[in-house]
Amino acid sequence: MKRVLSAVLLLMLTRAAYAALPGDFAEGKRLHDANCTGCHDSGVYTRKNRQVRSLDALKDQLQSCGHMVKKEFTAAQAQDLTKYLNDRFYRFQ
């Protein structure tokens, strides 16, 4: 029982750390589906040799991708995309 409670507490604390990132997850997913999947699928986020290895690198990559698709994301859109990608795939803190 003690192990179960410890696991639940750890899961709650871990999720709280990810949820602390500002942004709107649902809006980030919408932006991602509308702007990112035309160039690649979600496999780029989970492959072993992925380029993005930190939250700062994720933010830099989003800026680069926006440039590639000739779209300037607002600060709020960039936060939403960062939140979605981090919560869904990366889990940086």
Considering residues of region 2-40 that are under 12 Å from the mean Cα position of the chain (by Cα) and of a type in the set (Gly, Ala, Ser) only, the residue modelled with the lowest pLDDT: Ala19
In region 41-52, residue modelled with the lowest pLDDT [restricted to those that are under 12 Å from the mean Cα position of the chain (by Cα) and outside any helix (DSSP H, G or I)]: Ser42
Selection count, region 40-84, where residues are more than 19 Å from Glu27 (Cα to Cα), surrounded by 14 or more Cβ atoms within 10 Å (Cβ to Cβ) and of a type outside the set (A, V, I, L, M, F, W, C): 1
Test: residue in region 76-84 that is assigned to a helix (DSSP H, G or I), of a type in the set (Ser, Thr, Tyr), on the phi < 0 side of the Ramachandran plot and in contact with a Gly (Cβ under 9 Å, 6 or more places away or on another chain): yes
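The values are calculated or read from the model by the stated rules, or taken from the named source; none is laboratory data. What you see is a predicted model, and the numbers here were worked out from it, not measured in a lab. Because the Cβ atoms are built from the backbone with ideal geometry, glycine has one as well, and the counts that use them run over all protein chains shown.
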